[in-house]
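Q: Could you have a look at this structure, given as structure tokens, before my questions?
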Amino acid sequence: MSVFIEQQRQTMERFFDQASNLCVFRGGKGPIVLFIHGFPFDHTLFSAVCQEFDKKAGAIEYWVPDMPGFGESPCFASYSQERLSMAVMAEQLSRLLDAQGVSQKIYLCGLSMGGYIALEFARRYSSRLAGLILSNTRSSADSPEVAQSRRALALSLPITGMGPVADSMIPNLLSKATRNQRPDTVRFLRDMILNQSPEGVGQAACAMADRVDTTDVLALLDLPVQVIGADEDIPSPPEVMKAMAGRVPCATYSQVANAGHLTPLEYPLKYSEIILDFIK
């Protein structure tokens, strides 16, 4: 574990929620923002953003769970006979809030896979939301070709491990400048991917392949929505993010310059400022 992560953890409360089977990291004070990481990452994707929030006392209270099979949360198959899905993960987040006695409305921020989960949460539990933040994601379902590649990945992981996943994904996750000029960030990302469980990553890959289109949810959102894109995002390019924002009745679109798919990792200060401006 990096020194940076170890220092960040000292400011966080870590707890395991029995109702949701999620390991959660929490800190700060103020309105609650629940962050949902992407694939194949864990809560440390948002560590630098949380550190920025720590500099602004009372700005927000951040909750960052490790989703099933990622980080310190157990694989879904270890405690359930169901098939992991976006709906199941949305339900787990609702159970987490119930178990922790959260009755006030929260802000939900999902990046990439986290955005898929966030949209499913909004479909089912919109009354729990004060606002929604959709970051570097998309509302459409996978094409048959992409879905098949995800299922093939799940089958290969027990044999290959996470090394080939990191090798193939990193060039599409970070901007060219970050890849060429910030080796520490690249190393941090690679270590995060390598630390994930092949079983958990495989289950999540199949869940993404099976997910339904949530574009219809966008037009029904009766709450403030912040959409965050990046000009060098390959998986969720700006035109996709702008189109999503255009379908939401009350949406604000912000685009981070010189960033790739992982804006909170590349530009945590800018990312935190967008969120704070949205909440204010």
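Q: Please say if segment 1-133 is rounded, prolate or oblate, where rounded means a/c under 1.5 for a ≥ b ≥ c the square roots of the C-alpha gyration tensor eigenvalues, and otherwise the choice is prolate for a/b larger than b/c and oblate otherwise? Write down the numbers at each step before the final one.
A: Values: a/c = 1.67, a/b = 1.21, b/c = 1.37.
Cα axes put segment 1-133 in the oblate bin.
Q: Over segment 141-280, what relative contact order in percent results from Cα pairs under 8 Å that are six or more residues apart? Numbers along the way, then the final one.
A: Details: 177 pairs, mean separation 38.1, N = 140.
Result for segment 141-280 is 27 percent.
Q: Using a 1.4 angstrom probe, figure out how much accessible area segment 140-209 has per residue, in square angstrom, rounded to the nearest whole. Let's see the in-between values first.
A: Values: 3490 Å² over 70 residues.
That works out to 50 Å² for each residue.
Q: A follow-up question, please. Pop out the carbon and sulfur fraction of the accessible area of the chain as a percent, whole number, probe 1.4 Å.
A: On the way: 5800 of 11460 Å².
That share works out to 51 percent.
Q: Which sequence of E61, E120, E145 reflects their accessible areas, 1.4 Å probe, from the largest down?
A: Working: E61 45, E120 10, E145 130 Å².
Final ranking, largest accessible area leading: E145, E61, E120.
Q: Right, another one. How large is ³J(HN,Hα), in whole Hz, for each residue of segment 264-279 in order, when computed from phi with the Karplus curve 6.51 cos²θ - 1.76 cosθ + 1.60 and θ = phi - 60°, using x for Gly and Pro?
A: So the J values, rounded to whole Hz, are x, 7, 7, 9, x, 5, 4, 4, 5, 5, 4, 5, 5, 4, 5, 5.
Q: Another question about this same structure. Suppose each label sits 7 Å from its Cα in the direction of the beta carbon; what would the A152-A19 distance come out to in nanometres?
A: 4.2 nm
Q: Still on this structure: Could I get the Rg over Rh figure for the chain? Both from C-alpha atoms, Rh via Kirkwood, rounded to two places.
A: Details: Rg = 17.2 Å, Rh = 18.6 Å.
For the chain, the value is 0.92.
Q: Provide the packing ranking of 238-249, 177-188, 86-97, 43-54, i.e. peptides ordered by the mean count of other C-beta atoms within 10 Å per residue, highest first. Walk me through the numbers before you get to the answer.
A: Numbers: 238-249: 16.8, 177-188: 14.0, 86-97: 20.0, 43-54: 23.0.
Most protected by this proxy first, the peptides run 43-54, 86-97, 238-249, 177-188.
Q: Over segment 1-139, give the accessible area per residue in Å² for a 1.4 Å probe, as an integer.
A: On a per-residue basis, segment 1-139 sits at 35 Å².
Q: How would you order 259-268, 73-82 from highest to lowest mean count of nearby Cβ atoms within 10 Å?
A: Values: 259-268: 24.8, 73-82: 15.0.
In descending order of packing, they fall as 259-268, 73-82.
Q: Further question on the same structure: Taking a ≥ b ≥ c as the square roots of the Cα gyration tensor eigenvalues, with a/c under 1.5 meaning rounded and otherwise prolate when a/b beats b/c, else oblate, which class fits segment 158-280? List each step's numbers first, then the result.
A: Working: a/c = 2.27, a/b = 1.34, b/c = 1.69.
Verdict is oblate for segment 158-280.
Q: Any of K56/K176; K55/K270; K176/K242; K56/K270; K105/K270 with alpha carbons more than 20 Å apart? Name them for me. Before the final figure, lay out each step's value.
A: Details: K56/K176 30 Å; K55/K270 14 Å; K176/K242 22 Å; K56/K270 14 Å; K105/K270 25 Å.
The pairs that break the limit, which is 20 Å between Cα atoms, are K56/K176; K176/K242; K105/K270.
The values are calculated or read from the model by the stated rules, or taken from the named source; none is laboratory data. Note that this is a predicted model, so its numbers are computed, not measured. Because the Cβ atoms are built from the backbone with ideal geometry, glycine has one as well, and the counts that use them run over all protein chains shown. Ligands, DNA and RNA are stripped out before the accessible areas are found, and what is left, the full protein with its side chains, is counted by its heavy atoms. Shrake-Rupley method; radii C 1.70, N 1.55, O 1.52, S 1.80 Å.
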